[in-house]
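What follows is one structure encoded as structure tokens, with my remarks underneath.
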Amino acid sequence: MSTQIREVSSLEECRPLWEQFSPHLRAWDNWDLLFAFHDTQRYEFRFQVLEQAGSAVGLLPLVYDTADNSYELFGGCYPENRVLWMQTEHFPLLFDALPENTTFFDLKGQWVTDLLERFPEYAANFIEEDHQYFLTPAKLDYDFNNHLLATFSPDRRKGFLKDVQKLRDRASEMRWSQDDESELFIELNVMSFGEESDYFKDAGRAEVRRVVKALQELGMLRTFTIAIDGLKQAVSLSAVHDGDWIALYSSSNNKISNLGKLLTVETIQEGCRQRVNEVNYMTGMAWKAAWHMETLSCRTFRKPARPPKAP
């Protein structure tokens, strides 16, 4: 049976298709959360529907970035371990139909490996690899201190815990809530990174406000703040969905040594106390590897293929 591809560009058509093909297992499968990452002033829907005999059999939720004439998956680069909602046999057809300047960030590594076993000719399009970093609280007996005991040297562990305790002693308040602290996050992030901050410009600020509001409305938001001398100096904003914890945003006053370390420890410990299945720190940033987190491979797809780096 022949397979055809139809492009869908209206919100009224795209959402029902998403709901049809989404597995509804992870936070990233939720339309309302992903739509909060979608800047309607910048991105246009170009969903690709694979059809057989007039029935949809697969969906690629493609969007067009009008700022740089590129294409990516709906929801941008935050969601990790994504898979394409299609049968493997349809990938060549879809590949040929994809426009140039298309990038899919952080696809699930095992899914890519399985795809390339069948179609090795596309290996050059998947050469970039990153890693998702996470912790499994059950493996730690629901206590991050057990992770430190198992993975840090005695001297490093002693210094680490000393740094954290100093900040705990200084804190005038450490508070968990479901409050929208997006403005505090933006303020601290810009204070730390200036014009290099992703939230220095209006578009970045608007995105985090949309996402935090959506998390709050969906009942997924977990907010943690640390006050020093009565002033909030650190914040983490996490998404919790069906037993999985995503450490989505965090920022602290980087003039206060080790405050970010305390913020991360307390966030992980709360995930342990809540006995979640996983505390997910997503991809990138070397400190996660230095903390000996577990990893899963993620691969980025590009069309055209990016030339390999010179040795």
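Structure above, values below:
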quantity: Total formal charge among the other residues, if their Cβ is under 14 angstrom from that of S182, Lys/Arg +1 and Asp/Glu -1; calculated: -3
quantity: Rounded to 5, percent antiparallel among DSSP beta bridges of the chain; calculated: 90
quantity: Those trypsin sites (Lys or Arg not before Pro) in segment 245-308 that DSSP places in a loop and that have at most 15 other beta carbons within 10 Å; calculated: K255, R275
quantity: Net charge of Cβ neighbours under 11 Å - reference L262; Lys, Arg +1; Asp, Glu -1; calculated: +1
quantity: Highest-fluctuation residue, D163, D106, D96 considered, GNM on the chain with Cα pairs under 10 Å; calculated: D96
quantity: Inter-centroid distance (Cα atoms) of segment 166-195 relative to segment 233-297, Å; calculated: 14
quantity: The chain: angle of helix 259-273 to the longest principal axis, Cα-based, in degrees nearest 10; calculated: 70
quantity: Cut-off 13 Å between beta-carbons: net charge of the residues surrounding M293, Lys and Arg +1, Asp and Glu -1; calculated: 0
quantity: Given charges at beta-carbon only (K, R positive; D, E negative), |dipole| of segment 137-276 in Debye; calculated: 520
quantity: Charge dipole (the chain, unit charges on Cβ, about Cα centre) - positive-most of V164, F74, T223; calculated: V164
quantity: Net charge dipole size for segment 16-158 [Lys, Arg +1 and Asp, Glu -1 on Cβ; Debye, nearest 20]; calculated: 560
quantity: Overall form of segment 4-130 per C-alpha gyration tensor (a/c, 1.5; a/b vs b/c); calculated: rounded
quantity: Nearest 10 degrees, 0 to 90: helix 182-193 Cα axis against the chain principal axis; calculated: 80
quantity: Overall dimensions of segment 137-276 by Cα: Rg and Dmax, Å; calculated: 15.5, 45
quantity: Between helix 11-21 and the chain: long-axis angle, C-alpha atoms, 0 to 90°, nearest 10; calculated: 80
quantity: Rounded, prolate or oblate (a/c below 1.5 giving rounded, otherwise prolate when a/b exceeds b/c) for the chain by Cα gyration tensor; calculated: prolate
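The numbers here are math on the coordinates, done by the rules we state, and not lab data. Because the structure is a prediction, the values reported are computed rather than measured. Glycine gets a Cβ as well: all are built from the backbone with ideal geometry, and neighbour counts include every protein chain shown.
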